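For reference, the structure is listed below as structure tokens.
The values are calculated or read from the model by the stated rules, or taken from the named source; none is laboratory data. Quick caveat: nothing in here was measured; it's all calculated off a predicted structure. FYI the Cβ positions are ideal-geometry reconstructions off the backbone, even for glycines, and counts take in every protein chain you see.
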Amino acid sequence: MGPSMSSISALWPILGWTLLAVCVTAVFIRVSGAIRYISNNRLAVVEKLWAGRGSIKSGLIALHGEAGFQPDTLRGGVHFFTPFQYRLHVQPLVTIPQGRIGYVFARDGMPLGSDQTLAANPEDADFQDVRAFLTHGGQKGPQRKVLREGAYAINLAQFVVVTKDRIFALALEREEAGLLAQMAEVIEARGGFEPVVLRDADDQIGVVTIHDGPALAQGEIIAPTVGVDPAEVATFHNSFQDPGKFLAAGGRRGRQLQVLVEGTYYLNRLFATVERINKTVVEVGQVGVVVSYTGALGVDTSGEAYRHGELVANGQRGVWADPLLPGKYAFNTYAGRVTMVPTTNFILKWETSVTGSHRFDENLAEVSLITRDAFEPSLPVSVVVHIDYRKAPLVIQRFGDIKKLVEQTLDPMVSAYFKNVGQTRTLIELLQDRSAIQDVSSMEMRAKFALYSLELQEVLIGTPRPAAGGDDQIERILTQLRQRQIADEQVGTYARQKLAADKERELREAQARAEQQTAITQSELSIQVQANAGRANLARSEQEADQTRTLAKAEADRMKLLGEGEAKRVVALAAAEAEKVTKVGLAQAEAIKSQVEASGGARYQLARQVADRFAQALETSGVDVVPKVSISGADGSGMGGGGVVQALLTMLMAERLDLPVVGEEPKRAEPVE
């Protein structure tokens, strides 16, 4: 039989009180924190609420049992505590994924030094052991050491761990959350949550800049390498992955001379940032001349004869005496400059819009000439140059680089040389003597190039062309030369054709002669007969000619003698006639003079001569002196009582002698008013 109803009723109070006691106990345990359970994937940060030792005097972590955050954490399991004395902050384990980096920020520890950016870690520091960290001089602030992939049971009251995905921290203040978020942004901007990976296929190196430690010395622009043994520099501080060793060895803040090569590097990006640059590749046919900006001051190795700068041993500051031979080099281009110098022959072309692969001649143009006959062509020139790889440092030390050498020295030198050549030749000579000009210029310019540590191989000259924007006179001359050459070739062709025609004619004559040989023989005999007859006729003619010539000469001599006698007779007659005329003239002159004197003067003599001439005219003409018809005037007396003839004679005589006519009043002079 089961218990009775009365028995069950009697047990209800006991059960109630027991249940109440259990609930009260559970609430007490929960509220007082006397018993706590922590899962195995978490940990608990212990905060002591009160203690007989009182509160901590400084810092955040209570190392000596004071009230406050305790250095030791609790892992998974059941833990018993004095009621109302402890508060547990259950936090997740810090998990860093593979290939990622975690950054640690310490809330408690020694303060940073004046030259520090990041906190120094104790040797072999373990962020999971807060007590050891603080007792061994760990510093507060962002830590130099980083966390690699894995899970860490870290006291998040002392340390804050910043990862790419989240920030592991025990929240204390709002201001701290903003500071940690800013820190995460800086790291993310630097790509600091992933390691630095340099692959061989990329042909790149990493230039490291350190952001912590003492500054560079005055005058230095890049930090030198550090380490006990230069051969073990990379392993001494594990390629900047151990900041403590780097700084302990005397490492300096700033860009480093040492670079990172192929590999994976877990660098604290708050301590060191990395810039990727290409490797220095010296191709076959080139050498690299190094100008170092860092290193010890060296001793000049160029010798006393070289006065254009110093050459120093490799590794020292200045131009290295030994160039880099073909290959790949992990050269820090911030610590120096590598100038590539071709060691194979290269061509410099003085021609617009034509540039070699090396681009040394991209600013060169044709040489402008003025010829002796006043043409102004532009001359394209090409120069083949070689540089001895052992002299490459001398060239760079003197000119800086090959392009400056070309533009500042070779261009004016070559242009001036060919300008001088152009002034001594006409345009036609410049065209026709191109080969000779090339040979002479190669010999003369080779010595000039040697002064600059260069080897001139050959000079090549193009065809002169009109200058840009000039006229086409040069093209017309070239056209004339081409036409002249064609004419010369035609003359030669015509001469050969004429020779062929002459030969053909001779052949045909020979053939015809052979065919007509009998007739030729007969004609030749006939010619000889006729020649003999001609010679006989010639002899006969010559005799007749001699006879005629003799007779003609005798006749000529006779005529000459007759002529000479006749000439003498004529001369004698002319002399006698002249003497007669002279004497008659003199007699007439004397008679006229006597007549004039007898007539009363020259006027009366003239009247007499006129009358005589008139009488002669009447006698000769046969005119009647007394006219058959008489014309009388009104008074019946004619003109003045005389005849017409008399009147005419009177008027004629008066006019000739300037005498007044009878019956006419002399002219009076008009009075002058």
Flag if THR294 is hydroxyl-bearing (Ser, Thr, Tyr), in contact with a strand residue (DSSP E or B) (Cβ under 9 Å, 6 or more places away or on another chain) and in a strand (DSSP E or B) | no
Complete set of residues in the stretch 91-111 that are more than 58 Å from the chain's Cα centre (by Cα) and either at pLDDT below 90 or farther than 18 Å from ILE61 by Cβ (or both) = PRO92, LEU93, THR95, ILE96
Residues of the stretch 166-185 classified as modelled with pLDDT under 90, under 58 Å from the mean Cα position of the chain (by Cα) and surrounded by 11 or more Cβ atoms within 10 Å (Cβ to Cβ), total | 4
When the stretch 412-451 is checked residue by residue, the ones that are closer than 30 Å to ARG476 by Cα, out of contact with any strand residue (DSSP E or B) (no Cβ under 6 Å at 6 or more places or on another chain) and of a type in the set (D, E, K, R) are LYS419, ARG425, GLU429, ASP433, ASP439
With respect to the numbered conditions (1) touching a helix residue (DSSP H, G or I) at 6+ places or on another chain (Cβ under 8 Å); (2) buried (at least 16 other Cβ atoms within 10 Å of the Cβ); (3) at pLDDT below 90; (4) more than 17 Å from GLN143 (Cα to Cα), which one is the sole condition not fulfilled by GLN258?
-> (3)
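So if I check each of VAL440, VAL414, which one is in a helix (DSSP H, G or I), modelled with pLDDT of 90 or more and in contact with a helix residue (DSSP H, G or I) (Cβ under 8 Å, 6 or more places away or on another chain)?
Working: VAL440 fails: in contact with a helix residue (DSSP H, G or I) (Cβ under 8 Å, 6 or more places away or on another chain).
That would be VAL414, the only listed residue that is in a helix (DSSP H, G or I), modelled with pLDDT of 90 or more and in contact with a helix residue (DSSP H, G or I) (Cβ under 8 Å, 6 or more places away or on another chain).
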Counting only residues that are of a type outside the set (A, V, I, L, M) and part of a strand (DSSP E or B), which one in the stretch 56-69 is surrounded by the fewest Cβ atoms within 10 Å (Cβ to Cβ)?
-> GLY68
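When you go through ASP72, ASP115, ASP124 one by one, which is the residue that is among the charged types (D, E, K, R), surrounded by fewer than 16 Cβ atoms within 10 Å (Cβ to Cβ) and assigned to a strand (DSSP E or B)? Write out each step before concluding.
Working: ASP115 fails: assigned to a strand (DSSP E or B); ASP124 fails: assigned to a strand (DSSP E or B).
Of ASP72, ASP115, ASP124, the one residue that is among the charged types (D, E, K, R), surrounded by fewer than 16 Cβ atoms within 10 Å (Cβ to Cβ) and assigned to a strand (DSSP E or B) is ASP72.
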In the stretch 349-364, residues that are touching a residue at least 60 places away in the same chain (Cβ under 8 Å) and buried (at least 20 other Cβ atoms within 10 Å of the Cβ) total 1
Conditions: (1) within 19 Å of the chain's Cα centre (by Cα); (2) free of Cβ contacts under 8 Å to residues at least 40 places away in the same chain. SER441 meets all but one. Number of the miss?
-> (1)
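Report yes if some residue within the stretch 478-490 is surrounded by 15 or more Cβ atoms within 10 Å (Cβ to Cβ) and either small (Gly, Ala, Ser) or touching a Gly at 6+ places or on another chain (Cβ under 8 Å) (or both); otherwise report no. Walk me through it before giving the result.
Taking the stretch 478-490 first, the residues surrounded by 15 or more Cβ atoms within 10 Å (Cβ to Cβ) are 478.
Checking the rest, the ones that are also either small (Gly, Ala, Ser) or touching a Gly at 6+ places or on another chain (Cβ under 8 Å) (or both) come to none.
No, the stretch 478-490 contains no residue that is surrounded by 15 or more Cβ atoms within 10 Å (Cβ to Cβ) and either small (Gly, Ala, Ser) or touching a Gly at 6+ places or on another chain (Cβ under 8 Å) (or both).
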State whether the residues of the stretch 137-154 include one that is of a type in the set (D, E, K, R), at pLDDT below 90 and either within 30 Å of TYR265 (Cα to Cα) or surrounded by 21 or more Cβ atoms within 10 Å (Cβ to Cβ) (or both).
-> no
Count - residues of the stretch 344-380 that are assigned to a loop (DSSP other than H, G, I, E, B), out of contact with any Lys or Arg (no Cβ under 7 Å at 6 or more places or on another chain) and among the aliphatic types (A, V, I, L, M) = 4
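Being out of contact with any Gly (no Cβ under 9 Å at 6 or more places or on another chain), of a type in the set (Asp, Glu) and modelled with pLDDT of 90 or more is true for just one of ASP322, ASP373. Which residue is that?
On the way: ASP373 fails: modelled with pLDDT of 90 or more.
Selected residue: ASP322, the only one of ASP322, ASP373 that is out of contact with any Gly (no Cβ under 9 Å at 6 or more places or on another chain), of a type in the set (Asp, Glu) and modelled with pLDDT of 90 or more.
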Identify the residue in the stretch 14-40 that is surrounded by 12 or more Cβ atoms within 10 Å (Cβ to Cβ) and of a type in the set (A, V, I, L, M) and, among all such residues, is modelled with the highest pLDDT.
-> ILE38
